[in-house]
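The structure appears below as C-alpha cells.
The numbers here are math on the coordinates, done by the rules we state, and not lab data. This structure is a prediction, so every number in the text was calculated from the model and none was measured. Cβ atoms come from the backbone with ideal geometry, glycine included; neighbour counts cover every protein chain shown.
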Amino acid sequence: MVDKAIKEQLGKTIQELRRRQKLTLEELADRSNVSRAMLSKIERHEKNPTVAVALKIAKALGVSLFELLGEIEERQSVVVIPRDRRLVVKDPDTGFERQLLSPTFEGGSVEFMRHLIPPGSSSGDLPASHQRGMEKYIVVERGKLRVVIGTQAYLLAEGDAMYYKADVAHRYENAGKGVCSYYIVVSRARR
C-alpha cells in the first residue's frame, strides 16, 4: 500500500493515537473490526495494511486516512505541495490509487484528492463516515466512474460532477475500458 517510510510513520501514528485515546489493542480491534494481531503487526511495522484496513483503523480512531498516513503540516497562509512530494496510497491488489493534493492539517475540515482506478477495478467497499456532516464532491477527469452509495449506483462520464453525504457505505468502480481518474473533495464539520 505505501512505501517503507510511510509504513513506519503509519505504525507510530496508530500507536500514538491509540495511546492518546487510552485504548488497548483489544479495544481498537473491537472498534475497527481489525484483528488485534494485525494491529500489533502494523504498529511494529511488520504488516502493510490495505486501503480498506487503513480506513477501518482511521475511522475507529476518528481521523481521516491521510491524517493517519501523513505528517501533519503546520497551518500557514500558503502551502505548496510539489508533485513529487504528494502523499500517494496505492492498493497493490486492486491498483486503486489515491493522491493527496491538499496539506494535512490537524483537525482539517477539507481534503482534496485525485483517484485513479485501473480498468475492471474498484476502490473496494468503503465504510460509512464516522463523522456527522461529512460530504463528498466528485468530478470525473477521465473515463467512466460508477459510484455505488448504499444500494444505489450512479454512472458518471468525463466532466460529470456529483455530491453526496458520506454517511453510508460506498464504493467507486471503473465502468470504462481505460484508466478512470477523478477528483474528490471531502468536507467535514470541524472537530
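Here are a few things to note about the model shown:
- Net length gained if the chain between S187 and T50 were fully extended (0.36 nm per residue, minus Cα distance): 47.0 nm
- Subtracting the Cα-Cα distance of R85 and L101 from their residue separation scaled by 0.36 nm leaves 4.8 nm.
- One decimal place: the segment D93-L155 gains 19.9 nm when fully extended, by the rule 0.36 nm per residue minus the C-alpha distance.
- Counting only GluC sites (Glu not before Pro) that DSSP places in a loop and that have at most 13 other Cβ atoms within 10 Å, the longest clean stretch of the chain runs over 107-191.
- Length-normalised contact order of the range 4-69 in % [C-alpha pairs under 8 Å, at least 6 apart]: 40 percent
- Shape class for the range 83-187, computed from the alpha carbon gyration tensor (a ≥ b ≥ c): oblate, with a/c not under 1.5 and a/b at or below b/c.
- Relative contact order computed over the range 76-170 (Cα-Cα under 8 Å; 6+ residues apart), in percent: 22 percent
- With neighbour counts taken as other beta-carbon atoms within 10 Å, the residues T24, T151, T50, T13 rank, fewest first, as T151, T24, T50, T13.
- Only one of [x] 11.5; [y] 14.0; [z] 10.8 was calculated from the structure for mean projected area of the Cα convex hull in nm², and its label is [z].
- Taking each of K90/K144; K12/K144; K144/K165 in turn, the alpha-carbon distance tops 28 angstrom for K12/K144.
- Shape category assigned to the range 4-69 from the gyration tensor of Cα positions, a/c cut at 1.5: rounded
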